[in-house]
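Before any comments, here is the structure.
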Amino acid sequence: YRGLYLSTCKRVNVEGFKLTPETVVIIHDTREASGLSYENDVKVETAKGKNAYEGEATRDWEFQEPVKQEKLSVETPYDGEGFITPIYSKFINEALNIAGANSFQIRLPFAKGMLHQVDVLEFINEFTAVGTGEEKYLYKDVFGIERDLRKAHIFLTESMFKCKAWLDMYCKENNIEDAMQYYCDAIAKYSHGFYVSGTNLPYGHSKYTHLSY
């Protein structure tokens with residue numbers, strides 16, 4: 001965790017960008033997702049270096065006999081992948097002094113991963129009846145608390161939120177009702193923040209590539 005906050009990062013500190021229990025929602029990891037196909041008897045073919053002893057590099061390779069795996073599965077299909085709304089994505093572009101980036105490698109206290117721009121509110125509105133008076137769209141987060149997704153802008157998965165287990169335990173032991181409120185209060189108290197991690201790769205910004213970080 002010390003390594004996380006020592007990453008080369010750019011702090012996002014612009015007006016309107018708020019880290020609160022309403023704007024940041026921790027969603028459940030998807031263990032099973034419809035539309036994903038897991039195959040049995042998957043043929044796996046590997047290559048082995050020829051005429052090389054341990055520690056010696058080789059340029060000569062030969063394929064081994066194919067073998068079949070009984071099952072190819074993914075426990076957490078979207079491990080480390082979250083959402084960010086276009087509004088907050090725009091804030092990050094402003095903070096980084098760039099334009100058009102819509103995926104970000106991010107850091108928060110005890111949290112990390114990728115955020116991809118998704119207009120969640122537009123999606124909710126499209127599939128919610130208009131004029132029904134339903135002003136909230138409630139979702140029960142990983143702490144069992146209902147959040148209004150119409151107010152959310154950052155959606156972290158449980159796999160991204162590394163402190164979930166011990167934070168939940170600590171709050172229960174100390175009769176703290178809302179773990180996310182406690183988390184966000186700590187961010188404000190200790191002047192933590194939201195960061196986009198950087199890179200020192202020479203090809204990070206060129207006419208061929210434009211990395212969001």
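The values are calculated or read from the model by the stated rules, or taken from the named source; none is laboratory data. This is a predicted model, so every value here is computed, not measured. We place every Cβ from the backbone using ideal geometry, glycine too, and count neighbours over all the protein chains shown. These accessible areas exclude ligands, DNA and RNA; they are computed on the full protein's heavy atoms, side chains included. Shrake-Rupley method; radii C 1.70, N 1.55, O 1.52, S 1.80 Å.
Just a few scattered comments:
- Long pairs among Lys140/Lys164; Lys18/Lys90; Lys18/Lys172; Lys10/Lys164; Lys18/Lys164; Lys18/Lys136, criterion Cα-Cα beyond 18 Å: Lys18/Lys172; Lys10/Lys164; Lys18/Lys164; Lys18/Lys136
- Each Lys or Arg adds one and each Asp or Glu takes one away; over the other residues whose Cβ falls under 9 Å from the Cβ of Tyr195, this sums to +3.
- Checking every one of the chymotrypsin sites (Phe, Trp or Tyr not before Pro) in the stretch 102-187 against DSSP loop status and a limit of 14 other Cβ atoms within 10 Å picks out Phe127.
- Charge tally around Phe83: other residues with Cβ under 13 Å, Lys/Arg +1 each, Asp/Glu -1 each, net -3.
- Computed accessible area, Arg107, all protein chains, 1.4 angstrom probe, square angstrom: 30 Å²
- Listed by chain and number, the lysines whose C-alpha is less than 29 Å from the C-alpha of Lys48, apart from same-chain residues fewer than 8 away, are Lys68, Lys71.
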